[in-house]
Every structure is written in structure tokens, then in C-alpha cells.
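What follows is calculated from the coordinates using simple rules that are stated; it is not laboratory data. Treat the numbers as computed from the prediction; the structure is a model and nothing was measured. Neighbour counts are summed over all protein chains in view; Cβ atoms, including those assigned to glycine, are modelled from backbone coordinates with ideal geometry.
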Amino acid sequence: KAERLIAEGAARGSQLLVFPEAFIGGYPRGSSFGLVIGNRSLKGQEEFRKYHASAIDVPGPEVDRIAAAAAKYKVHLVMGVIERAGFTLYCTVLFFDSQGQFLGKHRKLMPTALERCIWGFGDGSTLPVYDTTIGHIGALICWENRMPLSRSALYAKGIELYCAPTADSRQSWQASMTHIAVEGGCFVLSANQFCRRKDYPPPPDYVFGGSDEEPSAETVVCAGGSVIISPSGTVLAGPNFEGEALISADLDFGEIVRAKFAFDVVGHYSRPEVLRLTVNDQQFDSVAFSSGTEAPKEKDGNNFDDVVSIILNEEIYSKSTKELSSGNALNVESRDRQKERSKSKSNEKSKSRDNISKSTGK
């Protein structure tokens, strides 16, 4: 289906195609995966096994296939997928250029509601804005677009084509997209799903929760609302609530300059000496193996480097449980500084002993 839509978009002359959230892998709307507080059902576990099997590896054969379609039709792609990383799933956006090069990905930072029990949390290492031949492209997924600090990170990277794959068809979403376009001085391209109950497996294999009764096969469970908005807040295409469709618009990049003449949120309309954002863009892994890192450099005859290290044992570093709790910053000295401080204390003790000896000798 993705390949068919890519071909259709290219035939219209589109240079960039944006797909909805979880377009490949599926958005499990209405499913609880058998979850209740303190337990999960066997049926729900089996449902997750199937969902895990439908996700894709990044990189992987499906990524290669999407890249080939981008190259074949000479279009840039922003594709919503469910990414499988071992046994953890992520709601992810993949970026491709018109040469078929896989540029990279963005993992959803903050899944919403029960999504948090199904998908992992992305980190700051996947907040990219790519400089392409058609402009600077980046994306946030669904409700993380309502996180002001996440948006600011993309604004600071010079985003021009702000992509917002989503699963939200409410009118309030349209207001959010208009606000972002004006706030960021960028074009906003939001792609949403349009689907009916019949697009999901039938009961009892798939029970549609969240409503008093099972929806009929023709019931619309997500009404679309894909939209393209200019930096001035003008709606250029959409929102489409009628069914599956491709919407398109011609973009005048001069609008970005005209909009930012009045309001540049990370430029002349900012106050960095008063308000400032710090983004941790490091990749975090739950387990790090020392053999996979470069050996520390020699310094002053000791195997220490300037890099700050945290060693949680009584000899090097000791803090209370409260100070080590999540969300509190640790002010940790470098090993060199720790060693110097320890040496200084030893010298002071030695001087004290000498003074005591001299005093005793008198």
C-alpha cells in the first residue's frame, strides 16, 4: 500500500510524502492488550506477540524496500512505522531522500496513555532535522507535538518542513497544527490515519475497547484530518475528513522569511539570558560494555582521562538514595580531581602527625 501511494504521489509531482503515525506495523487502536493494573492476560500476551511480529527492524528489509521506492519515484519520504528493537517496540518516523538514502529516524519521546505499556520511550539522540535538497525536514509524532520544549529543539535546528504524523482526528488537533506553523515559522504537514472498524481484525480475535459496545464494521474509528499549513497559519490543503486521500500543496519558501521577520522564536524573539533550553542528545542504553569503548588515555602516569565518570562504590562516590533518584542531577567530580583531593587530605593528615610528634618530643 505504501508503494502504491508513493507512486500516486510522485505522479502528481510531489517531492515530499508524509505518512501517518504507525502506517507500517499498525496503530493498535481500541486494544488493551489484556492489561489491568497488576496483571496481563494470556490473550493479551499473544496479541502483543503478533503485534511484535508485524513491526519492522531498522535497518532491515522493509527499510530497504521503502528506500528503493523513494529512489524509484525520486521523492523524499517521512514514514511512520512501528520499530522492533529486540523485544521492545518504538513508534518511529523514518526519513528518506529522493536518492533512496535512509537518512535516519525519530523515536517518539512520550507515548500517550496506554501506548506507554506497548512502546518504549525515545531519547534525545533521535531528534533530527535533515538538510535536504528541498529544505530542512524533521518530525514529531502525535501528542509530543504539544511538548513545547521538543518543538523548540527542532526550531533551533532550523526546521522548515515540520512533519507531524498523528493518530488524532479531533478538531483541537487542527488548532495545534496552526499554532506550531505560526510559532515555528515553518510549513506544517500533518498526516493522519483514516480507518474504519473493518480495517482491524474482527472479534473475538480483536476486541475494540474504549466504547460501550463493539463498533460496526463501517464505523469510522479515526476520521483523518490530514492538513498542510503555511508559516502564516494559512491552511493550504485539507483538512480531509472524507476518507483515504492524498492532499498536496505548492510551498513558497519565501513565506518562512516573511513570517520570521515578525516572529523568530529561537532568534530575535527569544531571551536566552532569561529562558534557555538544554537538550540532552546522547543515546542511552540500559547496558554499556567497556570493551566497546576506547581505552582511557594515559595522563600523569595514571590511566585517567578528563571525562567525568560515575563509579557507584564507597571508595569513589557516595550519595544518599534521595540524591540518586530519577530526575536529580549528579554533580560528579572527575577522577583526577578526586585523586588530587584525596592526596591533599593525606598530606594534611601527614602534617598533623608531624606536628603531634614534634609536640610530644618537646
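Can you put Val227, Val235, Val63 in order of Cβ neighbours within 10 angstrom, beginning with the fewest? Don't jump to the answer; show the numbers that get you there.
Working: Val227 24, Val235 16, Val63 20.
Least crowded to most crowded, the residues run Val235, Val63, Val227.
Taking loop as defined by DSSP and a crowding limit of 11 other beta carbons within 10 Å, which chymotrypsin sites (Phe, Trp or Tyr not before Pro) in region 78-183 fit? Each step should come with its number before you reach the end.
On the way: sites: Phe87, Tyr90, Phe95, Phe96, Phe102, Trp119, Phe121, Tyr130, Trp143, Tyr155, Tyr162, Trp173; in loops: Phe87, Phe121.
In loop regions of region 78-183 (DSSP not H, G, I, E or B), the sparsely surrounded chymotrypsin sites (Phe, Trp or Tyr not before Pro) are Phe87.
Using the Karplus relation 6.51 cos²θ - 1.76 cosθ + 1.60 with θ = phi - 60°, the per-residue 3J(HN,Hα) values for region 153-166 come to 4, 6, 4, 5, 8, x, 4, 10, 10, 8, 9, 9, x, 8 Hz, with x marking Gly and Pro.
For region 1-85, which trypsin sites (Lys or Arg not before Pro) are both in a DSSP coil and crowded by at most 15 other Cβ atoms within 10 Å? Don't skip to the end; give the middle numbers.
Details: sites: Lys1, Arg4, Arg12, Arg29, Arg40, Lys43, Arg49, Lys50, Arg65, Lys72, Lys74, Arg84; in loops: Lys1, Arg12, Arg29, Lys74.
Within region 1-85, the qualifying trypsin sites (Lys or Arg not before Pro) (loop, at most 15 other Cβ atoms within 10 Å) are Lys1, Arg12, Lys74.
Under a 5 Å amide H cut-off, with hydrogens placed 1.01 Å from N, Glu21 pairs with Thr166, Gln193 among residues at least 5 apart or on other chains. Extending 7 Å from the Cα toward the beta-carbon at both Thr219 and Ala85 defines two label points whose distance is 3.5 nm. Would you mind checking region 167-187 for residues with the amide N under 19 Å from a putative spin-label position 7 Å along Cα→C-beta of Tyr269? In region 167-187, the label zone of Tyr269 (backbone N under 19 Å from the point 7 Å along Cα→Cβ) covers 175-187.
Here the mean projected area of the convex hull built on the C-alpha positions of region 2-262 is 13.9 nm².
Rounded to whole Å and sorted largest first, what semi-axes of the equivalent ellipsoid does the C-alpha gyration tensor of region 178-218 yield via the square root of 5 times each eigenvalue? Walk me through the numbers on the way to the answer.
Details: eigenvalues 256, 25, 12 Å².
For region 178-218, the ellipsoid semi-axes come out as 36, 11, 8 Å.
Amide H to amide H, with H built 1.01 Å from N, Gly104 comes under 5 Å of Phe95, counting only residues 5 or more places away or on other chains. Taking θ as phi - 60° and the Karplus parameters 6.51, -1.76 and 1.60, the scalar couplings of region 269-275 work out to 9, 10, 10, x, 6, 10, 10 Hz in sequence order, x denoting glycine and proline. Exposure proxy ranking for Asp285, Asp57, Asp123, based on other Cβ atoms within 10 angstrom of each Cβ and starting from the fewest, stands as Asp285, Asp57, Asp123. Taking other C-beta atoms within 10 Å as the exposure proxy, Ile134, Ile228 rank Ile134, Ile228 from fewest upward. Computed from the C-alpha gyration tensor, the three semi-axes of the ellipsoid equivalent to region 80-128 are 22, 11, 9 Å, from longest to shortest.
Evaluating 6.51 cos²θ - 1.76 cosθ + 1.60 at θ = phi - 60° for every residue in region 64-78, the Karplus couplings come out as 4, 5, 5, 4, 5, 5, 4, 5, 4, 9, 6, 10, 7, 10, 10 Hz, glycine and proline recorded as x.
The trypsin sites (Lys or Arg not before Pro) of region 115-191 meeting both criteria, a DSSP state outside H, G, I, E and B (loop) and at most 16 other C-beta atoms within 10 angstrom of the site's C-beta, are Lys157, Arg170.
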